[in-house]
Amino acid sequence: MTIADLAIVNVALPTIGRKLHFSESNLQWVVTAYALTFGGILLLGGRAADLLGRRRIFTIGLGVFTAASLGCALSRSEWTLITMRGIQGVGAAIILPAALSIVMNMFHEGPERNKALGVWGAVGATGATFGVLAGGILTRYAGWEYIFFLNVPIGVVALALTRRIVPESRLETARRRYDPIGALTVTGGLLLLVYAISQAPNVGWETARTIALLALAAALLVAFVVVETRVEAPLLPPTLFRSRTLTGANTVSFLLGGSFFAFIFVATLYMQQVLGYSAIQTGLAWLATSVTSVAFAGVSQALVTRRSPKLVMAAGMALIGIGLLWAAQAGQGHYWSSLLGPFFVTGLGTAFAFIPVSIAALAGIQEHEAGLASGLLNTTQQLGGALGVAVASTVTAAHLKTLARLGATPRDALSGGLQWALWVCGATALAAVLATLLLVRSDELAQAVEAAAATAPSAA
């Protein structure tokens with residue numbers, strides 16, 4: 001549901017913008033509001049899952065997500081839709097770490113868990129495939145509202161089945177402590193940061209408003225770091241980052257979200273507003289990426305089990321970077337000659353990137369930290385996506401205005417702005433290759449697998 005919803009919304013964005021009269025600068029918030037609340041509350045959601053029961057929290061999140069989806073479908077103004085998308089992100093932030101933590105606790109670290117995470121990745125890729133197709137078909141033949149109505153029956157059925165088939169588990173402890181101040185400061189700081197970046201092209205980078213927003217965002221993020229070193233039960237314990245591999249995996253996850261999610265946003269606008277594609281044509285065009293990702297998910301799972309996840313991760317990010325830089329050369333060409341190749345290469349890269357990132361970020365994590373580590377992984381990915389979309393929108397708007405002043409036609413100016421945004425996305429993906437090679441340690445991954453193998457018989 002969470003992956004399909006992202007893909008569906010991107011395909012429907014231009015239609016939503018026209019029907020609800022969005023300004024160009026506010027349209028990105030249909031994506032960003034979801035990603036920000038999603039990323040900002042994931043850590044708290046993961047911690048709550050560990051302490052209150054993973055199935056219970058999963059059920060609560062599913063209820064919030066389903067209700068907010070209904071609210072999105074019934075929205076009739078841009079700010080109502082943006083608000084509902086933010087609440088939908090809260091529900092997703094509660095669902096996802098609980099779900100991934102349930103998977104972690106059902107399988108021992110090593111080959112069995114790697115297989116389970118491979119299935120997890122394949123399901124996510126299938127969600128993306130379903131999303132791009134459903135987004136195009138529903139937007140074209142039923143209306144943009146139905147991309148959100150679709151979640152309602154799925155959510156109701158999932159709620160009915162959860163108690164019957166999902167096992168309950170939690171961390172047994174006498175005291176359950178949380179960190180709401182940490183959640184508020186990190187969410188508020190990131191929200192202001194993305195808002196300041198997205199609005200700067202319109203109001204100016206050197207204006208008092210932009211500087212004040214950036215300063216306040218920095219202050220809140222610094223406050224979050226201070227809070228985490230002082231509270232009894234921090235949302236994000238500093239000791240968690242003693243592992244270079246965990247730090248490296250989450251750095252790569254941040255850059256993966258910042259490059260790939262921004263690519264979806266930029267390329268969708270390019271196809272519909274420059275090439276003149278309909279929503280359904282855009283959905284079909286994305287199949288080259290999503291079907292490739294599904295097809296090679298099994299290969300990726302086999303490689304990370306038999307070879308080094310580090311090398312597979314680096315190769316995946318390199319392929320994504322190459323695909324995005326290739327797409328930046330498209331200009332105003334045609335799909336078959338200019339986009340099919342980049343979309344295929346990018347899909348191959350995502351198959352080889354998402355699974356090893358998950359394995360590296362969860363390597364060596366103890367059961368009582370499963371929800372927290374799962375939340376951290378998804379947090380970095382979603383926040384990377386939110387910032388990536390904001391930066392891509394800013395780059396597009398800045399170059400669009402420059403080219404328009406130089407006399408370019410609106411279509412040429414938009415094409416040039418989106419091209420620069422794709423260059424930035426490609427460079428971000430290639431930066432993740434460097435982060436993988438410098439920070440992720442093969443010996444830590446091997447030790448985690450060996451330790452799991454040694455304890456598996458007694459645990460069983």
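Side notes on the structure shown:
- Viscosity 0.692 mPa s, 37 °C: Kirkwood-radius Stokes-Einstein D of the chain over Cα pairs, µm²/s: 148
- For the stretch 40-92: rounded, prolate or oblate by the Cα gyration tensor [a/c cutoff 1.5]: oblate
- Within the stretch 237-251: backbone nitrogen closer than 15 Å to the Val225 label point (7 Å, Cα to C-beta): 237-239, 241
- Computed packing ranks the peptides 113-120, 190-197, 215-222 as 190-197, 113-120, 215-222, most packed first, by mean other Cβ atoms within 10 Å.
- Sites Ala208 and Leu161 - FRET efficiency at Förster radius 56 Å, r taken between beta-carbons, to 0.05: 0.55
- Residue order, fewest to most beta carbons within 10 Å, for Ile82, Ile211, Ile165, Ile95: Ile165, Ile211, Ile82, Ile95
- Gly276 sits among other residues whose Cβ lies under 15 Å from its own Cβ, and their net charge, with Lys and Arg +1 and Asp and Glu -1, is +2.
- Sites Arg242 and Glu112 - FRET efficiency at Förster radius 25 Å, r taken between beta-carbons, to 0.05: 0.45
- Sites Val119 and Glu232 - FRET efficiency at Förster radius 41 Å, r taken between beta-carbons, to 0.05: 0.65
- Computed label-point distance, nm, for sites Arg56 and Ala215 using a 7 Å Cα→Cβ extension: 4.5
Just so you know, all these numbers are worked out from the coordinates, no wet-lab data involved. The structure presented is a predicted model; accordingly, all values stated were derived computationally and were not measured. Every residue, glycine among them, receives a Cβ derived from its backbone with ideal geometry; neighbour counts consider all protein chains shown.
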